[in-house]
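Down below is the structure, laid out as structure tokens.
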Amino acid sequence: MRILITGAAGFLGSHLGDALLAEGNAVVGVDNLSTGSLNNLKHLANEPRFEFREHDICTPFDVGAVDYVFNFASPASPVDYARLGVETLEVGSVGTTNALNIAKKYGAKFLHASTSECYGDPDVHPQTEDYWGHVNPIGPRSVYDEAKRFSEALTMAYHRYYGVDTRLVRIFNTYGPRLQKNDGRVISNFMVQALKGEDLTVYGEGEQTRSFCYVSDEVAGILGLSRTDEHLPVNVGNPNEWTILDCAKTVLKVTGSSSKIVYHPLPQDDPSQRQPDISKAKRLFGWEPKIDLETGLRLSLEYFNSVVDVELQA
Ligand code: UDP
């Protein structure tokens, strides 16, 4: 197949590209590099089945005929989407429209990267796909949450009105090599802080929870969904739920760091709990994650060591 990935230079987009290339597909990657990095693609420099185009998908584009579109372009860390608020809303609306138009034009299948943020600060726990969510539509996270919720509505509309063969994956917290070291996410912050011997910054009391999925598990789940005919949203994440404080302690254990834990104010609208119910993914495509947090952090150690080394040498 010839496959388009928007956001191909990002954390998930680049891992997805690797997996699709490894299966023998040709991949066209599009990215405006606003939060993605060419570093994530440099190992593909001599890969003839990979083509990169630097382009902002908010401007209409055409890469020629494709069989599948994976729409992964968007700032995704709370720090990035707070900085790029309007851009985040644009890529979720205008950019996603342009990506859907490519799928419509070429009769390609389409998979949109949605998010657990569609559930907001959930009062149903764990979150099932039929839960409509508890989202602040005007708060600091709204630029991301509402962009992604709009993208879901738009994707369903292209399916219902134009017959585009669409899928929606709701991605929960994912981590691993190629996370930007300064994207402000909890795993990248804690790993970098631990390896540099700096204090680990726990926000609030650290009692809020997240459920962390290692990137290879996440990509396997996304590919599993891509091969089904399910048009309604499907959660893909690791249901193993951690408090942020226990996550910090696990990072200290894995890195062998003697850094201290310090407490900073909790950001506004920070969800107090998050855990995917993955029964639908299990039932539809027999997927469940294999890698627990401690193992995944060990697998990520070499990468975070290398980015910290580069920073210390600079
Ligand atoms: N967090 C933290 N310290 C940090 C970064 C994040 O305690 O240095 C917390 C944050 O408040 C949130 C959780 O970790 O409760 C996950 O944050 P992240 O930015 O990774 O993504 P989110 O799941 O909130 O989208």
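Rule-based calculations on the coordinates, nothing more; no lab input. Not measured: the values here are computed from a predicted model. Reconstructed Cβ throughout: ideal geometry from the backbone, glycine too, with neighbour counts over all protein chains shown.
Count of region 264-281 residues, restricted to those that are within 9 Å of the ligand (Cβ to nearest atom) and within 17 Å of Asp123 (Cβ to Cβ), is 4. Would a scan of region 228-242 turn up a residue that is part of a strand (DSSP E or B), within 16 Å of the ligand (Cβ to nearest atom), more than 19 Å from Gly120 (Cβ to Cβ) and under 20 Å from the mean Cα position of the chain (by Cα)? Yes: one or more hits. Scanning region 175-197 for residues that are in contact (Cβ under 8 Å) with a residue 60 or more places away in the chain, near the ligand (Cβ under 10 Å from one of its atoms) and either under 11 Å from Ser77 (Cβ atoms) or out of contact with any Leu (no Cβ under 7 Å at 6 or more places or on another chain) (or both) yields a total of 9. Only one of the numbered conditions (1) within 21 Å of Gly176 (Cβ to Cβ); (2) hydroxyl-bearing (Ser, Thr, Tyr); (3) not in a helix (DSSP H, G or I) is not met by Thr250, and that is (3). Taking the condition buried (at least 17 other Cβ atoms within 10 Å of the Cβ), within 13 Å of the ligand (Cβ to nearest atom) and under 21 Å from the mean Cα position of the chain (by Cα), does Val169 pass? So Val169 does not fit the description; no. Within region 17-58, the residues that satisfy the criterion of being within 17 Å of Pro75 (Cβ to Cβ) and part of a loop (DSSP other than H, G, I, E, B) are Asn32, Leu33, Ser34, Thr35, Gly36, Ser37, His55, Asp56, Ile57, Cys58. For region 247-262, the set of residues classified as in contact with a strand residue (DSSP E or B) (Cβ under 9 Å, 6 or more places away or on another chain) and either without any contact (Cβ under 8 Å) to a residue 40 or more places away in the chain or near the ligand (Cβ under 9 Å from one of its atoms) (or both) consists of Cys247, Ala248, Lys249, listed by residue number.
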